[in-house]
Amino acid sequence: MLFKQQAWLRQKLLVLGSLAVGSLLYLVARVGSLDRLQPICPIEGRFGARSQAEFPLRALQFKRGLLHEFRKGNTSKDQVSLHDLVQQLPKAIIIGVRKGGTRALLEMLNLHPAVVKASQEIHFFDNDENYAKGIEWYRKKMPFSYPQQITIEKSPAYFITEEVPERIYKMNSSIKLLIIVREPTTRAISDYTQVLEGKERKNKTYYKFEKLAIDPNTCEVNTKYKAVRTSIYTKHLERWLKYFPIEQFHVVDGDRLITEPLPELQLVEKFLNLPPRISQYNLYFNATRGFYCLRFNIIFNKCLAGSKGRIHPEVDPSVITKLRKFFHPFNQKFYQITGRTLNWP
(Lines give C-alpha, C1' and ligand atoms only; values in the text may rest on other atoms or scores of the structure.)
Protein backbone atom coordinates (compact mmCIF):
# COMPACT_ATOMS: atom_id res chain seq x y z
CA MET A 1 0.00 0.00 0.00
CA LEU A 2 2.81 2.37 0.97
CA PHE A 3 4.64 1.52 -2.23
CA LYS A 4 1.56 2.39 -4.32
CA GLN A 5 1.18 5.75 -2.54
CA GLN A 6 4.85 6.61 -3.14
CA ALA A 7 4.56 5.64 -6.82
CA TRP A 8 1.42 7.80 -7.19
CA LEU A 9 3.15 10.76 -5.49
CA ARG A 10 6.22 10.44 -7.79
CA GLN A 11 3.95 10.36 -10.82
CA LYS A 12 2.07 13.48 -9.63
CA LEU A 13 5.31 15.39 -9.03
CA LEU A 14 6.60 14.37 -12.46
CA VAL A 15 3.45 15.71 -14.16
CA LEU A 16 3.56 18.99 -12.23
CA GLY A 17 7.27 19.38 -12.99
CA SER A 18 6.67 18.80 -16.70
CA LEU A 19 3.88 21.38 -16.73
CA ALA A 20 6.09 23.96 -15.00
CA VAL A 21 9.01 23.39 -17.38
CA GLY A 22 6.68 23.46 -20.38
CA SER A 23 5.11 26.74 -19.25
CA LEU A 24 8.55 28.28 -18.69
CA LEU A 25 9.77 27.23 -22.14
CA TYR A 26 6.59 28.64 -23.73
CA LEU A 27 7.03 31.99 -21.99
CA VAL A 28 10.68 32.19 -23.06
CA ALA A 29 9.76 31.36 -26.65
CA ARG A 30 6.84 33.81 -26.62
CA VAL A 31 8.90 36.70 -25.30
CA GLY A 32 11.63 35.94 -27.80
CA SER A 33 9.22 35.90 -30.71
CA LEU A 34 7.60 39.14 -29.61
CA ASP A 35 10.98 40.81 -29.34
CA ARG A 36 11.77 39.76 -32.88
CA LEU A 37 8.41 41.02 -34.16
CA GLN A 38 8.40 44.37 -32.41
CA PRO A 39 9.96 47.16 -34.47
CA ILE A 40 10.48 50.17 -32.26
CA CYS A 41 8.78 53.35 -33.35
CA PRO A 42 9.71 56.75 -31.84
CA ILE A 43 6.65 58.95 -31.44
CA GLU A 44 7.30 62.56 -32.21
CA GLY A 45 5.26 65.70 -32.40
CA ARG A 46 2.73 67.00 -29.95
CA PHE A 47 2.50 64.27 -27.31
CA GLY A 48 4.16 66.12 -24.44
CA ALA A 49 7.32 65.45 -22.46
CA ARG A 50 7.17 61.72 -23.16
CA SER A 51 6.86 62.21 -26.91
CA GLN A 52 10.30 60.71 -27.56
CA ALA A 53 9.43 57.54 -25.67
CA GLU A 54 9.49 54.39 -27.72
CA PHE A 55 6.93 51.64 -27.67
CA PRO A 56 6.46 48.42 -29.64
CA LEU A 57 4.54 48.32 -32.87
CA ARG A 58 2.64 45.28 -31.54
CA ALA A 59 1.80 46.99 -28.24
CA LEU A 60 -1.88 46.99 -29.07
CA GLN A 61 -1.98 43.20 -29.41
CA PHE A 62 -0.38 42.89 -25.98
CA LYS A 63 -2.85 45.45 -24.65
CA ARG A 64 -5.82 43.51 -25.98
CA GLY A 65 -4.54 40.32 -24.35
CA LEU A 66 -4.02 42.09 -21.04
CA LEU A 67 -7.51 43.60 -21.18
CA HIS A 68 -8.96 40.14 -21.91
CA GLU A 69 -7.22 38.72 -18.85
CA PHE A 70 -8.44 41.63 -16.75
CA ARG A 71 -12.04 41.02 -17.81
CA LYS A 72 -11.67 37.31 -16.96
CA GLY A 73 -10.42 38.26 -13.50
CA ASN A 74 -6.91 36.91 -14.11
CA THR A 75 -5.16 40.20 -13.57
CA SER A 76 -5.67 43.34 -11.51
CA LYS A 77 -6.00 47.07 -12.11
CA ASP A 78 -2.58 47.46 -10.47
CA GLN A 79 -1.03 45.22 -13.12
CA VAL A 80 -2.71 47.22 -15.87
CA SER A 81 -1.39 50.49 -14.44
CA LEU A 82 2.12 49.03 -14.33
CA HIS A 83 2.01 48.91 -18.10
CA ASP A 84 0.97 52.59 -18.36
CA LEU A 85 -2.28 51.73 -20.12
CA VAL A 86 -5.11 54.21 -19.84
CA GLN A 87 -8.50 54.85 -21.42
CA GLN A 88 -8.29 58.24 -23.11
CA LEU A 89 -10.91 60.42 -24.70
CA PRO A 90 -10.41 60.64 -28.49
CA LYS A 91 -8.00 63.23 -29.82
CA ALA A 92 -9.57 62.75 -33.26
CA ILE A 93 -12.96 61.51 -34.45
CA ILE A 94 -14.05 60.25 -37.86
CA ILE A 95 -17.42 62.00 -37.94
CA GLY A 96 -18.65 60.70 -41.31
CA VAL A 97 -19.93 60.19 -43.79
CA ARG A 98 -22.01 57.02 -43.89
CA LYS A 99 -20.92 54.75 -46.77
CA GLY A 100 -17.98 57.05 -47.43
CA GLY A 101 -15.36 54.58 -46.19
CA THR A 102 -15.27 55.32 -42.45
CA ARG A 103 -14.48 51.72 -41.45
CA ALA A 104 -11.73 51.38 -44.05
CA LEU A 105 -10.17 54.66 -42.92
CA LEU A 106 -10.27 53.67 -39.24
CA GLU A 107 -8.72 50.25 -39.88
CA MET A 108 -6.01 51.71 -42.10
CA LEU A 109 -5.10 54.40 -39.56
CA ASN A 110 -4.80 51.64 -36.98
CA LEU A 111 -1.70 50.51 -38.90
CA HIS A 112 0.09 53.47 -37.31
CA PRO A 113 1.70 52.55 -33.97
CA ALA A 114 0.63 55.87 -32.45
CA VAL A 115 -3.07 55.29 -33.23
CA VAL A 116 -5.49 53.20 -31.18
CA LYS A 117 -9.01 52.66 -32.50
CA ALA A 118 -12.32 52.06 -30.80
CA SER A 119 -13.49 48.86 -32.47
CA GLN A 120 -17.21 49.58 -32.24
CA GLU A 121 -19.19 52.69 -33.13
CA ILE A 122 -19.91 54.33 -29.78
CA HIS A 123 -22.82 56.58 -30.85
CA PHE A 124 -22.28 58.78 -27.80
CA PHE A 125 -22.89 62.22 -29.27
CA ASP A 126 -25.76 61.32 -31.61
CA ASN A 127 -27.72 59.16 -29.14
CA ASP A 128 -29.55 61.06 -26.40
CA GLU A 129 -29.71 58.02 -24.11
CA ASN A 130 -25.97 57.38 -24.40
CA TYR A 131 -25.11 61.07 -24.07
CA ALA A 132 -27.09 61.27 -20.84
CA LYS A 133 -24.77 58.64 -19.34
CA GLY A 134 -21.99 61.23 -19.24
CA ILE A 135 -18.44 61.68 -20.43
CA GLU A 136 -16.98 59.04 -18.09
CA TRP A 137 -19.25 56.42 -19.66
CA TYR A 138 -17.86 57.50 -23.03
CA ARG A 139 -14.28 57.32 -21.79
CA LYS A 140 -14.81 53.78 -20.52
CA LYS A 141 -15.92 52.76 -24.01
CA MET A 142 -12.47 53.68 -25.32
CA PRO A 143 -9.69 51.12 -25.75
CA PHE A 144 -6.69 51.00 -23.43
CA SER A 145 -3.69 52.85 -24.84
CA TYR A 146 -0.38 54.41 -23.90
CA PRO A 147 -0.59 58.10 -22.90
CA GLN A 148 1.40 59.18 -25.96
CA GLN A 149 -0.94 57.44 -28.40
CA ILE A 150 -4.00 58.94 -30.13
CA THR A 151 -7.36 57.31 -29.57
CA ILE A 152 -9.72 57.57 -32.56
CA GLU A 153 -13.35 56.55 -32.84
CA LYS A 154 -15.76 56.68 -35.76
CA SER A 155 -19.52 57.10 -35.82
CA PRO A 156 -20.72 58.30 -39.25
CA ALA A 157 -24.09 59.41 -37.88
CA TYR A 158 -22.25 62.26 -36.14
CA PHE A 159 -21.88 64.25 -39.36
CA ILE A 160 -25.60 64.59 -40.06
CA THR A 161 -26.99 64.77 -36.49
CA GLU A 162 -27.87 68.31 -35.49
CA GLU A 163 -26.85 68.20 -31.81
CA VAL A 164 -23.45 66.59 -32.32
CA PRO A 165 -21.18 69.56 -33.18
CA GLU A 166 -22.05 71.41 -29.97
CA ARG A 167 -21.71 68.28 -27.86
CA ILE A 168 -18.26 67.46 -29.24
CA TYR A 169 -17.21 71.10 -28.84
CA LYS A 170 -18.13 70.95 -25.14
CA MET A 171 -15.92 67.90 -24.72
CA ASN A 172 -12.92 69.24 -26.64
CA SER A 173 -12.99 72.44 -28.67
CA SER A 174 -9.60 71.67 -30.28
CA ILE A 175 -10.32 68.11 -31.39
CA LYS A 176 -9.33 66.96 -34.90
CA LEU A 177 -12.25 66.01 -37.14
CA LEU A 178 -12.01 63.66 -40.12
CA ILE A 179 -14.62 63.60 -42.89
CA ILE A 180 -14.37 60.93 -45.57
CA VAL A 181 -16.54 61.54 -48.62
CA ARG A 182 -17.30 59.79 -51.89
CA GLU A 183 -18.87 61.06 -55.09
CA PRO A 184 -22.36 61.98 -53.78
CA THR A 185 -24.46 59.93 -56.22
CA THR A 186 -22.29 56.83 -55.75
CA ARG A 187 -22.50 57.27 -51.99
CA ALA A 188 -26.31 57.56 -52.11
CA ILE A 189 -26.58 54.37 -54.17
CA SER A 190 -24.24 52.59 -51.76
CA ASP A 191 -26.40 53.77 -48.86
CA TYR A 192 -29.48 52.39 -50.62
CA THR A 193 -27.71 49.09 -51.37
CA GLN A 194 -26.91 48.49 -47.70
CA VAL A 195 -30.52 49.10 -46.66
CA LEU A 196 -31.76 46.92 -49.52
CA GLU A 197 -29.55 44.04 -48.41
CA GLY A 198 -30.94 44.31 -44.89
CA LYS A 199 -34.49 44.19 -46.22
CA GLU A 200 -33.73 41.15 -48.38
CA ARG A 201 -32.23 39.28 -45.43
CA LYS A 202 -35.59 39.71 -43.68
CA ASN A 203 -37.52 38.72 -46.82
CA LYS A 204 -38.99 42.21 -47.06
CA THR A 205 -39.70 44.11 -50.24
CA TYR A 206 -38.19 47.53 -50.92
CA TYR A 207 -38.66 50.29 -53.48
CA LYS A 208 -36.22 50.68 -56.35
CA PHE A 209 -33.62 53.41 -55.89
CA GLU A 210 -35.17 55.52 -58.66
CA LYS A 211 -38.52 55.65 -56.86
CA LEU A 212 -36.90 56.87 -53.64
CA ALA A 213 -34.43 59.34 -55.15
CA ILE A 214 -36.87 61.05 -57.50
CA ASP A 215 -40.12 62.63 -56.33
CA PRO A 216 -42.86 61.07 -58.51
CA ASN A 217 -45.02 64.22 -58.26
CA THR A 218 -42.42 66.74 -59.41
CA CYS A 219 -39.95 64.44 -61.19
CA GLU A 220 -37.21 66.31 -59.32
CA VAL A 221 -34.65 65.00 -56.84
CA ASN A 222 -36.33 63.95 -53.60
CA THR A 223 -34.48 65.85 -50.88
CA LYS A 224 -36.61 64.15 -48.22
CA TYR A 225 -34.89 60.86 -48.97
CA LYS A 226 -32.18 60.43 -46.33
CA ALA A 227 -29.61 58.95 -48.72
CA VAL A 228 -29.89 62.10 -50.85
CA ARG A 229 -29.78 64.49 -47.87
CA THR A 230 -26.66 62.84 -46.47
CA SER A 231 -24.83 63.43 -49.77
CA ILE A 232 -25.38 67.21 -49.59
CA TYR A 233 -22.11 67.51 -47.68
CA THR A 234 -21.88 71.28 -47.59
CA LYS A 235 -25.21 71.65 -45.75
CA HIS A 236 -23.99 69.48 -42.88
CA LEU A 237 -20.50 70.98 -42.84
CA GLU A 238 -21.90 74.50 -42.46
CA ARG A 239 -23.55 73.43 -39.21
CA TRP A 240 -20.19 72.16 -37.89
CA LEU A 241 -18.46 75.41 -38.85
CA LYS A 242 -20.58 77.26 -36.30
CA TYR A 243 -18.41 75.58 -33.64
CA PHE A 244 -15.11 74.59 -35.25
CA PRO A 245 -12.77 76.41 -37.66
CA ILE A 246 -12.15 74.73 -40.99
CA GLU A 247 -8.52 74.08 -39.95
CA GLN A 248 -9.75 71.41 -37.53
CA PHE A 249 -11.29 69.39 -40.36
CA HIS A 250 -9.56 67.15 -42.83
CA VAL A 251 -11.37 65.81 -45.89
CA VAL A 252 -10.42 62.31 -47.02
CA ASP A 253 -11.19 61.28 -50.60
CA GLY A 254 -13.05 58.00 -50.06
CA ASP A 255 -12.95 57.07 -53.76
CA ARG A 256 -9.17 57.46 -53.85
CA LEU A 257 -8.80 55.56 -50.57
CA ILE A 258 -10.18 52.51 -52.41
CA THR A 259 -7.89 52.72 -55.44
CA GLU A 260 -4.78 54.44 -54.04
CA PRO A 261 -4.90 54.44 -50.22
CA LEU A 262 -1.35 55.37 -49.26
CA PRO A 263 -1.34 59.06 -50.38
CA GLU A 264 -4.62 59.62 -48.53
CA LEU A 265 -3.27 58.03 -45.36
CA GLN A 266 -0.10 60.11 -45.56
CA LEU A 267 -2.23 63.27 -45.69
CA VAL A 268 -4.06 62.13 -42.56
CA GLU A 269 -0.75 61.41 -40.78
CA LYS A 270 0.31 64.97 -41.53
CA PHE A 271 -3.04 66.41 -40.36
CA LEU A 272 -2.78 64.53 -37.06
CA ASN A 273 0.85 65.63 -36.59
CA LEU A 274 2.00 62.02 -36.63
CA PRO A 275 5.42 60.89 -37.84
CA PRO A 276 5.08 59.03 -41.17
CA ARG A 277 4.92 55.33 -40.38
CA ILE A 278 2.37 53.79 -42.78
CA SER A 279 4.10 52.57 -45.94
CA GLN A 280 3.25 50.60 -49.07
CA TYR A 281 4.43 47.50 -47.21
CA ASN A 282 1.34 47.82 -44.97
CA LEU A 283 -1.09 47.78 -47.92
CA TYR A 284 -1.48 45.03 -50.48
CA PHE A 285 -4.12 44.57 -53.15
CA ASN A 286 -6.30 41.49 -52.84
CA ALA A 287 -7.39 40.63 -56.37
CA THR A 288 -10.08 38.25 -55.13
CA ARG A 289 -11.73 40.90 -52.96
CA GLY A 290 -10.93 43.79 -55.26
CA PHE A 291 -9.74 45.87 -52.29
CA TYR A 292 -6.54 46.70 -50.47
CA CYS A 293 -5.90 44.64 -47.34
CA LEU A 294 -3.71 45.51 -44.38
CA ARG A 295 -0.34 44.04 -43.40
CA PHE A 296 0.71 44.75 -39.82
CA ASN A 297 3.79 42.49 -39.89
CA ILE A 298 5.08 39.25 -41.42
CA ILE A 299 2.44 37.27 -39.53
CA PHE A 300 -0.65 39.42 -39.05
CA ASN A 301 -2.71 40.50 -42.10
CA LYS A 302 -6.28 41.73 -42.20
CA CYS A 303 -8.93 42.39 -44.85
CA LEU A 304 -12.13 44.33 -44.35
CA ALA A 305 -15.36 42.45 -43.76
CA GLY A 306 -16.98 40.71 -46.71
CA SER A 307 -19.93 43.10 -46.50
CA LYS A 308 -17.68 45.88 -47.81
CA GLY A 309 -17.81 46.49 -51.53
CA ARG A 310 -21.36 45.35 -52.18
CA ILE A 311 -22.35 45.22 -55.82
CA HIS A 312 -24.67 48.15 -56.58
CA PRO A 313 -27.91 47.59 -58.44
CA GLU A 314 -28.22 49.03 -61.93
CA VAL A 315 -29.71 52.52 -61.82
CA ASP A 316 -31.41 54.35 -64.69
CA PRO A 317 -28.67 56.52 -66.30
CA SER A 318 -31.10 59.47 -66.55
CA VAL A 319 -31.58 59.35 -62.77
CA ILE A 320 -27.82 59.31 -62.22
CA THR A 321 -27.47 62.33 -64.53
CA LYS A 322 -30.24 64.18 -62.71
CA LEU A 323 -28.66 63.48 -59.31
CA ARG A 324 -25.21 64.59 -60.43
CA LYS A 325 -26.64 67.80 -61.83
CA PHE A 326 -28.45 68.38 -58.53
CA PHE A 327 -25.36 67.78 -56.39
CA HIS A 328 -23.00 69.84 -58.60
CA PRO A 329 -23.52 73.31 -57.00
CA PHE A 330 -23.30 71.81 -53.50
CA ASN A 331 -20.07 70.06 -54.48
CA GLN A 332 -18.57 73.31 -55.77
CA LYS A 333 -19.36 75.02 -52.48
CA PHE A 334 -17.88 72.09 -50.56
CA TYR A 335 -14.64 72.42 -52.54
CA GLN A 336 -14.56 76.14 -51.85
CA ILE A 337 -15.10 75.77 -48.08
CA THR A 338 -12.67 72.90 -47.53
CA GLY A 339 -10.00 73.94 -50.01
CA ARG A 340 -10.00 70.47 -51.53
CA THR A 341 -11.23 69.88 -55.07
CA LEU A 342 -12.31 66.33 -55.84
CA ASN A 343 -12.73 64.80 -59.28
CA TRP A 344 -16.49 64.38 -59.18
CA PRO A 345 -18.62 64.66 -62.36
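Worth pointing out:
- Here the stretch 201-312 exposes an accessible surface that is 54 percent carbon and sulfur, computed with a 1.4 Å probe and the other protein chains kept in place.
- Accessible area (Å², per residue) of the stretch 84-336, counting only protein heavy atoms and a probe of 1.4 Å: 47
- Computed with every protein chain present, the accessible area of Arg98 is close to 80 Å² [probe 1.4 Å].
- Ranked from largest to smallest solvent-accessible area, with a 1.4 Å probe on the protein heavy atoms, His123, His328 come out as His328, His123.
- Cβ-placed point charges (K, R +1; D, E -1), dipole of the stretch 84-336 about Cα centre in debye, nearest 20: 320
- Solvent-accessible surface (1.4 Å probe) assigned to Asp84 amounts to roughly 70 Å².
- Peptide ranges 133-139, 261-267, 174-180 listed from the most packed, as the mean C-beta count within 10 angstrom indicates: 174-180, 261-267, 133-139
- Amide hydrogen proximity for Ile214: with H placed 1.01 Å from N in the peptide plane, the residues at 5 or more positions away or on another chain lying under 5 Å are Asn222.
- Heavy-atom accessible area ranking, 1.4 Å probe, most first, across Lys141, Lys302: Lys141, Lys302
- Among the chymotrypsin sites (Phe, Trp or Tyr not before Pro) in the stretch 244-345, those placed in a DSSP loop whose Cβ has at most 16 other Cβ atoms within 10 Å are Phe300.
- Remark: the stretch 166-291 carries a charge dipole of roughly 580 debye about the Cα centre, counting +1 on each Lys and Arg Cβ and -1 on each Asp and Glu Cβ.
- Among the listed pairs Lys91/Lys226; Lys170/Lys325; Lys204/Lys226; Lys99/Lys325; Lys91/Lys199; Lys140/Lys199, a Cα-Cα separation exceeding 27 Å is found for Lys91/Lys226; Lys170/Lys325; Lys91/Lys199; Lys140/Lys199.
- Shown are Lys154, Lys235, Lys333, whose ranking by accessible area with a 1.4 Å probe and every protein chain present, most to least, is Lys235, Lys333, Lys154.
- Computed accessible area, Cys303, all protein chains, 1.4 angstrom probe, square angstrom: 40
The values are calculated or read from the model by the stated rules, or taken from the named source; none is laboratory data. What you see is a predicted model; the values in this text were computed from it and never measured. Using ideal geometry, Cβ is built from the backbone for each residue, glycine included, and neighbour counts are taken over all protein chains shown. Side chains are part of the model used for accessible areas, which takes the heavy atoms of the whole protein and leaves out ligands, DNA and RNA. Shrake-Rupley method; radii C 1.70, N 1.55, O 1.52, S 1.80 Å.
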